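Values quoted throughout were computed directly from the atomic coordinates according to the rules given, and no laboratory measurement underlies them. Since this is a predicted model, take the numbers as computed values, not measurements. Here the Cβ positions follow ideal geometry from the backbone for every residue, glycine too, while neighbour counts run over all protein chains shown.
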Amino acid sequence: MSQFLQVVLSGLATGSIYALAAIGFTLVWQAAQTVNFAQGEFVMLPAFFVLAAMGIFGMSFWPAMLIGLVIAMIVLGLLFKKLLVEPILPHGGITLIIATMALGIFLKESVKEFYSAEAQPFPSMFPNDPIEIFGAVLSLRDMLNLGLSLAIVVLLTLFLNRTRTGRSMQATAQNPAVAEILGVNVKRMILYTFLINAALATVASYLISPVYLAKFSNGETLGLIAFIAAIVGGFNQIRGALVGGLLIGVLDNLTAAYVTAQYRAAVPLVLLIVIILVRPQGIMGTSEGRAV
C-alpha cells in the first residue's frame with residue numbers, strides 16, 4: 001500500500017507540472033482560437049534564461065529566476081502576441097498553427113546552437129530531502145512542486161472568477177465582439193492572457209528542469225504531453241487541463257511501476273485515443289455547437 005501511495009503522489013507531482021503547460025494551451029485557445037504548438041519550447045526556454053543569467057552575468061539563482069520570468073513574459077508573452085499572433089491571425093487559424101510549429105523549431109534550434117546541445121543541470125527551488133507520508137517515502141521537492149502547482153491553479157481560477165479583470169478576460173474569450181460593446185478592452189485582456197501563459201510556462205520550466213535537466217529537446221516531450229492533457233481534460237476548460245495533467249502523471253507512474261517502463265511513453269497516446277472515442281469533448285469539457 002505504501003508503494004502504491006508513493007507512486008500515485010509522485011505521479012501527481014509530475015502531472016501537476018504537465019497541467020501548468022496544458023493550461024497554457026487552453027488560455028491561448030480561448031484568446032486566439034488557435035493551438036500554440038510551440039508551448040513545449042515555451043516551457044523549455046525559461047530555464048536557459050536563468051542559466052544564461054547565472055553563467056554569463058554571474059547572478060545568483062533567485063535573482064536569475066526573477067530575470068528569467070521577466071524575459072519570458074516579454075519574449076513568450078508580449079513579443080509572441082505582437083510579432084506572430086496579431087499579424088498572422090487574420091489569415092486564418094491553420095496559418096497561425098503552422099507558424100507556431102515553425103517558432104517551436106526555431107526556439108529549439110536556437111538554444112542548441114547558441115547555448116548548448118548537452119543537457120545542463122538546473123538548480124532546484126526546493127530541497128530534495130526524503131519525507132515519509134503514511135509509510136511512503138517521498139521527495140520533499142515533489143510534494144512542494146505539487147503544492148505550488150495546485151496553489152497556482154487555484155489562484156488563477158479565483159482570479160478569473162472573482163476579479164473584474166478575470167471576468168473581462170473570460171468574456172473576451174467567449175465573445176470578443178460582445179465584450180467590446182460592453183466596454184471591455186479586448187486587446188488588453190488578450191495581452192493579459194498571453195502574459196499569464198508565459199508566466200505559467202516559466203513556472204513549469206523551473207519545476208521540471210531540475211528533474212529532467214535543461215536541454216533543448218525537452219519541449220518535444222513536454223509539448224506533446226501537455227497538448228494531450230489539455231485534450232483529455234477538456235480543451236476549453238482550465239480545470240480540465242489540470243485533471244488531464246494529473247491523470248497522465250499518475251497513469252504514467254503506475255504503468256512504469258506495475259507493468260513496464262518500456263511502454264510508459266505510450267500511455268498518453270492510449271489515453272487520448274480512449275477519450276476521443278468515449279468522450280470527445282474531454283473529461284471536464286463541454287460540447288461546443290457549431291452551425292453547418
**Complete:** Under the Karplus relation with 6.51, -1.76 and 1.60 and θ = phi - 60°, whole-Hz ³J(HN,Hα) for segment 130-146, x at Gly and Pro, equal x, 10, 10, 10, 6, x, 8, 8, 10, 8, 4, 4, 4, 5, 6, 4, 4
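Per the Cauchy relation, a quarter of the hull surface: what is the mean projected area of the convex hull of the alpha carbons in segment 150-279, in nm²? Display every interim value, and only then the final one.
Values: hull surface 38.8 nm².
Averaging across all directions leaves 9.7 nm² for the Cα convex hull.
Would you order 18, 212 from fewest to most other beta-carbon atoms within 10 Å of each residue's own beta-carbon? Mind showing how you got there, number by number?
Values: 18 29, 212 16.
Result, fewest neighbours first: 212, 18.
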**Other-chain or far-sequence residues with amide H under 5 Å of residue 120's (modelled H)** = 214, 215
**Prompt:** Gain in length, residue 137 to residue 161, computed as 0.36 nm per residue apart minus the alpha-carbon separation, to one decimal in nm?
**Reply:** 4.9 nm
**Complete:** Scoring the chain by relative contact order with C-alpha pairs under 8 Å, at least six apart, yields a percentage of 35
**Message:** Show log10 I(q)/I(0) for segment 47-140 at q = 0.14, 0.15 Å⁻¹, two decimals, from a solvent-free Debye sum over equal Cα scatterers.
**Reply:** -0.73, -0.79
**Asked** In whole Hz, what ³J(HN,Hα) sequence does segment 182-188 give by Karplus (6.51, -1.76, 1.60; θ = phi - 60°), x for Gly and Pro?
**Response** 7, x, 7, 7, 4, 4, 5
**In segment 73-177, GluC sites (Glu not before Pro) in a DSSP loop with at most 16 other beta-carbon atoms within 10 Å** = 118
**Prompt:** Taking the Cα centre of each part, how many Å lie between segment 238-252 and segment 70-120?
**Reply:** 25
**Request:** For segment 2-218, take the alpha-carbon Rg, divide it by the Kirkwood Rh, and send me Rg/Rh.
**Result:** 1.00
**Request:** Can you put 258, 115 in order of Cβ neighbours within 10 angstrom, beginning with the fewest?
**Result:** 258, 115
**Prompt:** Taking a spot 7 Å from the Cα of residue 112 along the direction of its beta carbon, which residues of segment 35-55 have an amide N less than 20 Å from it?
**Reply:** 37-49, 52
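Could you tell me the relative contact order of segment 147-292? Use alpha-carbon pairs under 8 Å, at least six residues apart, and round to a whole percent. Before the final figure, lay out each step's value.
Details: 116 pairs, mean separation 24.5, N = 146.
About 17 percent, as a whole number.
Hey, fewest Cβ within 10 Å first, where do 62, 29 land in order? Before the final figure, lay out each step's value.
Values: 62 11, 29 18.
Least to most surrounded, the residues fall as 62, 29.
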